[in-house]
Amino acid sequence: MTSHTQLRIITKPKPKVKGKIDRILHCYLPLLLIALWTVTCQAEYFSSTDSIPVLAIAEEDLIQWFRNLLDSQAQDFAVYRDFIERVKEKHAVALEDPEEYLGNPMNAYKLIKRIVVDWTIITENVGYNKGLKALKENLTSLTSETSFPDISELRGAAKGLGRLQIMYNLSTTDLADGVINGVNYGSELSIAECFEIGSNLFEAKEYILAQEWLQLVLKLLKSGEKASSKTTGEDIGGEEYPEDKLMQAENEMNEMFSNLQSNPDDFDDNNENDIDDHLVFFELDEEGNLIDESDNERSNNNEEKPTAFAQDSKANKTLIETLEYLTLANYELGQQDDMQVYLNQILEINPEHVFKDLLAYKHTEVPQNHTDSESFSVLQKQEWFANYSRLCQGKQVEQKELHQLKCTLETRNHPLFILAPLRKEELLADPEIVVYHGLLSDKHLDDILEQSEAHMVRSCVGGASIHLVRDERVSQQTWLSYNSSTTKYIYRMVSAITGFDLTNAERLQVANYGIGGQYDPHRDYFAVGDRSAIGLPWIGNRMATHLFFASDVEQGGYTVFPLLNVYAKPVKGSMIMWHNLHKSLDRDKRMLHAGCPVVKGTKRICNIWVHSGYQEFSHPCGLVNDNYKSAHI
Ligand SMILES: O=C(O)CCC(=O)C(=O)O
Ligand SMILES: [Fe+2]
């Protein structure tokens, strides 16, 4: 075994059961957990915002069922208590003069009867409870009807948040404070939640972002304060954290380190008490969230509390785990000096910590290329990334032509548009990118949603025969035929607007983007030699894209063209349209486009791709070859 392999074995994070969801599953819902593993169909909650409400409904059921359980247990316990109190009275009388009491055959009989019958019934009944039986039945039916997210979903959701950070330059402290792009949504995160995001980003191999979140956790643990009051003023424009408070926190931290050194067992990784910890030390915060005690550090009125923190074993546990992750993240990033800093902190707390062996490997070869091909750091290195991210934020590079674009009303002498002219907005003249506003009503869109809802699956990339689930496209989708009144209407309208023959068009694709859901820059046509295009039923390549926005999006979700300096904000009911091929039918590489990550809200779209066959009369090839226009790309 090479030293490198050994190091990886040593540093492989122990499987930890962390976080609220894990704790619920492990401590409160053991039954549910068993059932979860048997669920075969993955709903992919993070890739679509439509699936998430299902969980909220399931949670409502869980609340009710557990309430019922507790009520029925309270009734049972009241019966036990009543019985015991009554026996206790008799017992007390018996104790005064046992001989006299038991000399009475009736009393002797009663004692024997209590032992033989009453205590037996009570003993047998403890543990059996009607409410528990009902709960088991409910959980069984819930898990057979609903597929629950697993740890990979949680990781997907954490990665979704990370994608938003990268794309929109969102600071970790802002997000932790519930501020997204300057808007305060009041969704402040607890220390435990920041830790969960950090550790899940680590597990998703997003080491740089994981490091940011975990450093924030460390900062919060050290200060024992809310994130907002701990961050520096310029980070969030908030007040500065008083110097003496920082000193005090620092001192307490040091004090805690030295206390811990004298009692390193607190951090034994294999501490068998861990399980009991989970079972016993639950608390609820003001909003009823399950918290561990480290969360208390973020509550508002704990100005006086930092000293309690020194005795707080939960916070200590989070602290050591945070340091472990930070050590490993720095190891993965090849940042040996930083890794050493965190390692030292761990060893100061517990000189016998399992990571002590890492020291021996410090000077061995460090990993150079541990980044996943889907990692954000790889994404950020793409040459289109800067434009992509800028356009997603609604920022265009200033250009003279931008000011010559126009909005027009068009009837096209078509009966459909005489009374209700098309509202056309030009986003770019050449190559033409246009938006038609107000094409679909809420009723149409509700109908599409209803038809598609039950059939949504995680979107794949790779064309017709290759199906790859990739971070490149985080959404769910399905296809609808043109046989309902709404889809027929869309079909007729698109062909009236564009003149295309839609017999050679793909079915209507309906897609929905979830947390951080997006579609990285791509082109819609099939590339030369794309084997997935072989055997497709359509003639020619994807000539034009008609993309309907089926929802407004509160923040994010723009459709952008990084090579053309164009962005379109989703407006419900409108359709953006462009050609993917030159007039010569050569592929137009300028048409690289993307769906930016959704920051807040839900993004729904519908696509129709028209293929080049059958369009000979409506869109004849140009006499002059125009493919030179994209030759430079
Ligand atoms: O969601 C978007 O804005 C773009 C979607 C897209 O490009 C596609 O589905 O091919
Ligand atoms: Fe596309």
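Kindly state, to the nearest 0.05, the FRET efficiency for Lys90 paired with Glu188, given R0 = 51 Å and r defined as their beta-carbon distance.
Computed FRET efficiency for Lys90 and Glu188 comes out at 0.35.
Roughly how many Å is it from the Cα centre of the stretch 472-546 to that of the stretch 187-203, as a whole number?
The stretch 472-546 and the stretch 187-203 have Cα centres spaced 38 Å from each other.
Which value, in nm² and rounded to one decimal, describes the direction-averaged projected area of the C-alpha convex hull of the stretch 563-622?
5.4
As a footprinting exposure proxy, order Trp578, Trp384 by other Cβ within 10 Å, with the fewest listed first.
Ordered from fewest to most neighbouring Cβ atoms within 10 Å, Trp578, Trp384 come out as Trp384, Trp578.
What pairs in Lys159/Lys219; Lys205/Lys569; Lys424/Lys603; Lys488/Lys629 have C-alpha atoms more than 27 Å from each other?
Lys205/Lys569; Lys488/Lys629
How long are the semi-axes of the equivalent ellipsoid of the stretch 401-630, taking √(5λ) for every eigenvalue λ of the Cα gyration tensor, in whole Å from largest down?
24, 22, 19
Find the lysine pairs in the stretch 53-145 meeting two conditions, Cα atoms under 22 Å apart and a separation of 8 or more places or different chains, and report how many there are.
4
What ranking do 190-198, 111-119 get when scored by the average of other Cβ atoms within 10 Å per residue, highest first?
Put in order of decreasing packing, that is 190-198, 111-119.
Quick check on the stretch 53-145: what does the Kirkwood estimate of hydrodynamic radius come out to from the alpha carbon pairs, in Å?
When all Cα pairs of the stretch 53-145 are included, the Kirkwood radius is 16.2 Å.
Using only C-alpha positions, report the orientation-averaged shadow area of the convex hull of the stretch 508-625, nm², one decimal.
8.1
So how much slack lies between Glu60 and Lys406, counting 0.36 nm per residue of separation and subtracting their Cα-Cα distance, in nm?
Once the chain is fully extended between Glu60 and Lys406, it gains 119.5 nm.
Please order Met339, Met106 by the number of other Cβ within 10 Å, starting at the fewest.
Starting with the residue having the fewest Cβ neighbours, the order is Met106, Met339.
Using Cβ counts within 10 Å as a stand-in for footprinting exposure, how do Tyr168, Tyr388 rank, fewest first?
Neighbour counts put them in this order, fewest first: Tyr168, Tyr388.
Taking the Cα centre of each part, how many Å lie between the stretch 399-427 and the stretch 571-633?
About 18 Å separates the Cα centre of the stretch 399-427 from the one of the stretch 571-633.
Read the figures in this text as sums done on the coordinates, not as results from a lab. Since the structure is predicted, the reported quantities are computational estimates derived from the model, not experimental observations. Glycine also receives a Cβ, built like all others from the backbone with ideal geometry; neighbour counts cover every protein chain displayed.
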